[in-house]
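Single-structure report; data block below.
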Amino acid sequence: MSMSDPVGDMLTRIRNGQSARLDSITAPASRLRANVLDVLQREGFIRGFFEEELRPGIRELRIELKYDNGRPVIREIKRVSKPGRRIYSKIADLPKHYNGLGIAILSTPRGVMSDNEARAANVGGEVICKVF
């Protein structure tokens, strides 16, 4: 069965895995999902991720979730730009999420990056999700 929002599905798997206190979860692999996970890892929201090949042509991502004293590091993860309504932002119009404590993940012409990296590179783009 095909899904209409693969990135939203991965974010929901992360949310559900942390509420169930799982050490790691799996999600189908794609380049965009791996780039989003790379930003989450660089910003310290997950411990790491790696790609596994189940059988030829079928890959999945194993995502290692991160906890601080038994509490999930990710308190909130929310999809902003959805398949039915894409949200684009100029870098000047991008607000700070939770007054700079959270991040927004953007898909820019220079690749997927956090809002802080996008401000430093002075590029805007599609707002994929917000994380706190």
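The values are calculated or read from the model by the stated rules, or taken from the named source; none is laboratory data. Predicted model only: the values in this text are computed from it and were never measured. Note that each Cβ is placed from the backbone with ideal geometry, even for glycine, and that neighbours are counted across all protein chains shown. Heavy atoms of the whole protein, side chains included, go into the accessibility calculation; ligands, DNA and RNA do not. Shrake-Rupley method; radii C 1.70, N 1.55, O 1.52, S 1.80 Å.
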ask   = Using a 1.4 angstrom probe and counting only protein chains, how large is the accessible area of Leu101 in Å², to 10?
value = 130 Å²
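Defining a contact as two alpha carbons under 8 Å apart and six or more residues distant in sequence, what relative contact order in percent does region 28-89 show?
Working: 53 pairs, mean separation 15.4, N = 62.
That works out to 25 percent.
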inquiry  = Amide H of Ser24 versus every other amide H placed in the peptide plane: which residues, excluding those fewer than 5 positions away on the same chain, fall under 5 Å?
reply    = Leu65
inquiry  = Through the Karplus equation 6.51 cos²θ - 1.76 cosθ + 1.60, θ set to phi - 60°, convert the phi angles of region 120-128 into ³J(HN,Hα) values in whole Hz; use x for Gly and Pro.
reply    = 5, 8, 6, 10, x, x, 7, 7, 6
13 Å beta-carbon shell around Ser107, net charge (K/R +1, D/E -1) = +1
ask   = Tally Lys and Arg at +1 and Asp and Glu at -1 over the other residues with C-beta under 9 Å from the C-beta of Asp5: what net charge comes out?
value = +1
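Return a whole-number percent for the relative contact order of region 67-132, with Cα pairs under 8 Å and 6 or more residues apart as the contact set.
Working: 109 pairs, mean separation 28.9, N = 66.
Across region 67-132, relative contact order equals 44 percent.
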message = Please compute one quarter of the surface area of the Cα convex hull for region 28-92 and express it in square nanometres.
response = 6.4 nm²
query = Which residues' amide hydrogens lie under 5 Å from the amide hydrogen of Gly124, considering only partners 5 or more residues apart or on another chain, with H built in the peptide plane?
reply = Ile91
note = Taking the chain and counting helices only, DSSP H stretches of n ≥ 4 at -39,500 (n - 2.57) each over all residues, the nearest-500 ellipticity at 222 nm comes to -7500 deg cm²/dmol
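Please state the charge dipole magnitude for the chain, taken about the Cα centre, from unit charges on C-beta atoms (+1 on K and R, -1 on D and E), reported in debye and rounded to the nearest 20. It would help to have the intermediate numbers written out before the result.
Details: 23 positive and 16 negative charges, 69 e Å.
It comes to approximately 340 debye.
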task = Return the sequence-ordered ³J(HN,Hα) values of region 44-56 in whole Hz as given by the Karplus equation 6.51 cos²θ - 1.76 cosθ + 1.60 applied to θ = phi - 60°, using x for Gly and Pro.
result = x, 8, 10, 6, x, 7, 8, 9, 10, 9, 6, 8, x
remark   = Interchain or sequence-distant (5+) residues whose placed amide H lies within less than 5 Å of the amide H of Ile46 are Gln41
request  = For Phe50, tell me the accessible area in Å² from a 1.4 Å probe, rounded to the nearest 10.
outcome  = 80 Å²
Distance (nanometres) between label positions extended 7 Å along Cα→Cβ at Thr108 and Leu32 = 1.9 nm
